[in-house]
Amino acid sequence: MKLLKITSLFLTLSIAFASCGDGDHSHELFEYVVNINSPEALMPDAINKEAADYTVGDVLELDVDFSSETGMIVHHVSVSITDLSNDTSIIYDYKEHAHNSNGTFNHTMSIHLLEDAGFYGDSDWMITATVKTDEAHDDEEGHEHGDDEHESETATAQIRFHINPA
């Protein structure tokens with residue numbers, strides 16, 4: 001009789017754990033990729049990517065693709081432009097809590113490189129684009145996953161550019 005109760009308890013607990021999900025959510029692979037399409041890198045295969053020079057007054061056409069190679073949800077995306085002479089000087093700061101279930105997200109923006117906007121001649125800048133998983137989110141079945149159940153994944157791309165005086 002005791003063996004029947006123990007077996008029954010074990011079976012009940014197994015079913016309870018299995019009904020909450022298949023367990024694969026804790027090991028989902030997002031395999032994020034970030035591509036800065038514009039400005040285009042002069043040498044795309046280089047480790048430190050650089051774009052062509054700009055001149056004060058030019059328009060920088062920014063085009064960034066965020067994707068998951070496994071088709072998973074694209075979560076938090078950000079794009080920033082930082083003055084390399086002052087790492088705390090962020091001139092452009094775009095953040096979006098994207099939640100695209102199709103596994104892709106695109107960000108485009110035309111940025112006028114004007115002194116009034118903080119850009120100046122004879123300066124170097126870094127565009128940084130990042131995508132990361134939400135640290136606590138609901139899965140398809142409505143179950144919330146916290147930090148301990150879901151590892152955060154991040155992908156980043158960067159490209160430098162120089163601005164010449166007008």
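Of note:
- Residues satisfying the stated conditions in the range 91-117, i.e. loosely packed, with under 14 Cβ neighbours inside 10 Å and either part of a loop (DSSP other than H, G, I, E, B) or among the charged types (D, E, K, R) (or both): D93, K95, S101, N102, E115, D116
- Exactly one residue among T70, T82 is at pLDDT 80 or above and in contact with a strand residue (DSSP E or B) (Cβ under 7 Å, 6 or more places away or on another chain), and that residue is T82.
- T88 being over 14 Å from the mean Cα position of the chain (by Cα), more than 21 Å from V56 (Cβ to Cβ), of a type in the set (S, T, Y) and not in a strand (DSSP E or B): yes
- If you go through the range 93-133 and keep only what is within 22 Å of A166 (Cβ to Cβ) and among the polar types (S, T, N, Q), you end up with S110, S123.
- In the set (1) of a type in the set (V, I, T); (2) exposed (fewer than 14 other Cβ atoms within 10 Å of the Cβ); (3) at pLDDT 90 or above, the condition left unmet by I127 is number (2).
- Within the range 40-62, residues that are over 14 Å from T128 (Cα atoms) have Cβ atoms under 6 Å from residues that are outside any loop (DSSP other than H, G, I, E, B) and of a type in the set (S, T, N, Q) in these pairs: D53/N164; T55/N164; V59/S110; E61/S38; E61/S110, counting only partners at least 6 apart in sequence or on another chain.
- Residues satisfying the stated conditions in the range 59-85, i.e. exposed (fewer than 14 other Cβ atoms within 10 Å of the Cβ) and either assigned to a loop (DSSP other than H, G, I, E, B) or at positive phi (or both): E69, T70, G71, L84, S85
- Restricting the range 24-65 to residues that are among the aromatic types (F, W, Y) and modelled with pLDDT under 95, the residue that is nearest to M109 (Cα to Cα): Y32
- Cross-chain or 6+ apart pairs with Cβ under 8 Å, the range 74-96 first and within 15 Å of G118 (Cβ to Cβ), then of a type outside the set (K, R) and modelled with pLDDT under 90: T82/S89; D83/S89
The values are calculated or read from the model by the stated rules, or taken from the named source; none is laboratory data. Fair warning: this is a prediction, and the values are worked out from it, not measured in the lab. Virtual Cβ from ideal backbone geometry, glycine too; neighbours counted across all protein chains shown.
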